[in-house]
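Enquirer: Below is one structure. I have some questions about it.
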Amino acid sequence: MDQKIVKKLESEIEGAIAEVIMRMGLKRLPLLPSHQTMHLMSKAAVTVYETAVENRQKED
């Protein structure tokens with residue numbers, strides 16, 4: 001995938017993760033993840049998506 005798209009997707013997903021975690025807060029979560037952890041979570045999500053795209057392209 002185009003790296004510009006990957007970076008944009010990571011950024012958007014990271015924002016969504018942060019929003020959900022902050023909304024849930026410490027009342028439901030045992031700890032609030034650091035910015036670095038949320039960044040890694042978004043990168044992992046995009047990697048899964050990229051793999052799905054690659055697998056689909058192999059099928060075609």
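Throughout, read-outs are computed from the coordinates displayed, never taken from laboratory work. Source: prediction; values computed, not measured. Positions of Cβ are backbone-derived with ideal geometry, glycine not excepted, and every protein chain shown enters the neighbour counts.
Enquirer: Given the -39500 (n - 2.57) contribution per DSSP H run of 4+ residues, what per-residue ellipticity at 222 nm results for the chain, rounded to the nearest 500 deg cm²/dmol?
Expert: -30000 deg cm²/dmol
Enquirer: For helix 3-28, report the angle its Cα long axis makes with the longest principal axis of the Cα atoms of the chain; keep it between 0 and 90° and round to the nearest 10°.
Expert: Helix 3-28 sits at roughly 30 degrees to that axis.
Enquirer: Return the distance in nm (one decimal) between the two label points of a simple spin-label model at Gln57 and Ala16, each offset 7 Å from Cα along Cα→Cβ.
Expert: Each label point lies 7 Å from its Cα, and together they span 2.2 nm.
Enquirer: Counting other C-beta atoms within 10 Å, which of Lys43, Lys58 has the fewest, and how do the rest follow?
Expert: So the residues, fewest neighbours to most, are Lys58, Lys43.
Enquirer: Turning to a different aspect of this structure: Once the other residues with Cβ under 14 Å from the Cβ of Leu32 are scored (Lys, Arg +1; Asp, Glu -1), what is the net sum? Kindly include the intermediate steps, with their values, before the conclusion.
Expert: Working: positive: Arg23, Lys27, Arg28; negative: Glu19.
For residues surrounding Leu32, the net value is +2.
Enquirer: With a cut-off of 8 Å between alpha carbons and a minimum separation of six or more residues, what is the relative contact order of region 3-59 in percent? If you can, show how the numbers build up before the last one.
Expert: On the way: 21 pairs, mean separation 25.6, N = 57.
Once normalised by length, the contact order is 45 percent.
Enquirer: Still on this structure, I have one more. Which one of Thr51, Ala18, Met41 is farthest out on the positive end of the charge dipole of the chain, using unit charges on Cβ (Lys, Arg +1; Asp, Glu -1) and the Cα centre as origin?
Expert: Result: Ala18, furthest along the dipole toward the positive end.
Enquirer: Return the label of the correct value of volume of the Cα convex hull per residue in Å³, as calculated from the structure shown, out of (1) 120; (2) 96; (3) 84.
Expert: Correct label is (3).
Enquirer: If you don't mind, another one. Distance from a point 7 Å along Cα→Cβ of Lys7 to each backbone N in region 34-60: keep the residues under 16 Å and list them by number.
Expert: 43
Enquirer: Ordered by packing density, taken as the mean number of other Cβ atoms within 10 Å over each peptide's residues, highest first, how do 44-51, 9-16, 21-28 rank?
Expert: 9-16, 44-51, 21-28
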